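Read the figures in this text as sums done on the coordinates, not as results from a lab. None of these values were measured; they are calculated from a predicted model. Neighbour counts run over all protein chains shown; Cβ positions are idealised from the backbone, glycine included.
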Amino acid sequence: MSRAVPVGRRVRVHVPATSANLGPGFDSLGLALDLISGLEAEAVDTPGVHVEIEGIGAGEVAGDETNLIAASLIHVLQANGVETPGLRMHAVNRIPHGRGMGSSGAAIVAGVLAAKGLLSGVVDLSDDDLLALATELEGHPDNVAPALFGGLTIAWTDDGVPHHKQLDVHPDVCLLLAVPGEQLSTEKARALQPETVPHIDAVFNVSRAALLVAALTQSPDMLMPATEDRLHQGYRAPAMQASSDLIARLRADGHAAVVSGAGPSVLVMCGDEQSRLAVAKTVGDAGGWEALLLGVDSSGGTVEVLPTSERP
């Protein structure tokens with residue numbers, strides 16, 4: 001390997017949480033949320049990888065090369081024929097794990113973006129490269145696309161190659177995320193999904209997913225019908241009964257509530273602040289939930305190459 005990361009190269013990364021599926025847009029639609037995790041990474045002349053975690057996961061997740069952020073960074077370096085230098089990383093994590101808020105996708109994107117910054121002037125990575133690398137690591141693009149590019153994203157693959165379209169969300173749309181105390185693994189949720197669905201349900205979701213794009217970008221008054229789903233939420237309900245019950249209660253009151261990602265968090269897309277405050281009261285009355293009043297992050301993941309003299 002002839003190419004190398006300059007010793008002393010330092011980068012700062014910010015990555016948003018995400019919510020995927022959004023009801024009918026199974027494995028296709030995602031939103032970037034303005035709940036942001038940060039990372040600083042430095043190439044050093046001593047071997048080994050050290051990751052310090054601040055915030056959620058501190059003292060729990062790995063602090064070496066097996067950490068998902070570090071492993072993703074190293075994967076990008078190796079994929080581009082660059083030897084892994086000694087790495088010192090400090091991550092500030094604000095995204096809860098196992099709650100359907102894209103924590104693994106955010107970690108992967110943080111590592112991919114950190115690699116992009118460390119490779120500045122050595123290897124040029126395009127947006128398409130970043131999406132392909134992140135999707136390869138995550139397995140599907142619906143979370144990593146909004147984490148990379150912000151806003152509302154439509155993600156799809158052609159012959160195994162991921163693509164995306166980023167759209168701006170209507171300014172009236174405001175979000176509430178109801179986060180429970182318990183976790184749910186994506187693998188467990190996906191295991192409940194059937195391999196085939198009735199034709200009538202597939203057609204139903206195609207229409208709702210198309211309508212949801214219009215509702216989020218042009219017509220927030222259409223969010224309720226646009227967030228109906230027959231492909232995944234009903235099948236997964238037994239694994240998150242409290243989430244299913246909360247969604248039913250909120251939708252009965254006219255609020256566009258859906259499972260966030262694989263769950264068990266509940267995402268509510270509101271067309272005005274008054275509706276969001278009503279949702280917050282319902283969530284509070286339900287007990288056992290933390291209500292996060294969030295906006296849409298329009299920037300997506302960012303990476304900045306820092307002066308070598310600047311310290312954390």
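Worth a mention:
- Count Lys and Arg as plus one, Asp and Glu as minus one, and take only other residues whose Cβ is under 15 Å from that of Leu223; the net charge is then -4.
- Angle between the chain longest axis and helix 127-138 axis [Cα atoms, degrees, rounded to 10]: 80 degrees
- Unit charges at the beta carbon, dipole of the chain: most positive-side option, Ala257, Val173, Val123: Ala257
- Ratio of the Cα radius of gyration of the chain to 2.2 N^0.38 Å, where N counts its residues: 1.01
- For segment 82-108 versus segment 130-152, the gap between their alpha-carbon centres in whole angstrom: 14 Å
- Sequence-separation-based contact order of the chain, relative, with Cα cut under 8 Å and 6+ spacing, percent: 26 percent
- Here's the picture: charge each Lys and Arg Cβ at +1 and each Asp and Glu Cβ at -1 in the chain, and of Leu113, Ile56, Ser299 the one pushed furthest to the positive end of that dipole is Ile56.
- Diffusion of segment 178-312 by Stokes-Einstein, at 25 °C in a medium of 0.890 mPa s and with Rh set to the Kirkwood radius over alpha-carbon pairs, works out to 146 µm²/s.
- Inter-centroid distance (Cα atoms) of segment 13-54 relative to segment 170-205, Å: 20 Å
- Segment 1-97 - share of DSSP beta bridges that are antiparallel (%, nearest 5): 65 percent
- Anisotropy class assigned to segment 1-104 is prolate, per the alpha carbon gyration tensor with a/c at or over the 1.5 cut-off and a/b larger than b/c.
- Of the peptides 89-99, 68-78, the ranking by mean beta-carbon count within 10 Å, highest at the top, reads 68-78, 89-99.
- Two-decimal log10 I(q)/I(0) for segment 47-114, as the Debye equation yields it once each C-alpha is a single scatterer, q = 0.12, 0.14, 0.17, 0.20 Å⁻¹: -0.29, -0.39, -0.57, -0.77
- Measuring gaps between exposed loop sites in the chain (GluC sites (Glu not before Pro); DSSP loop; at most 13 other Cβ atoms within 10 Å), the longest gap, sites not included, is 61-181.
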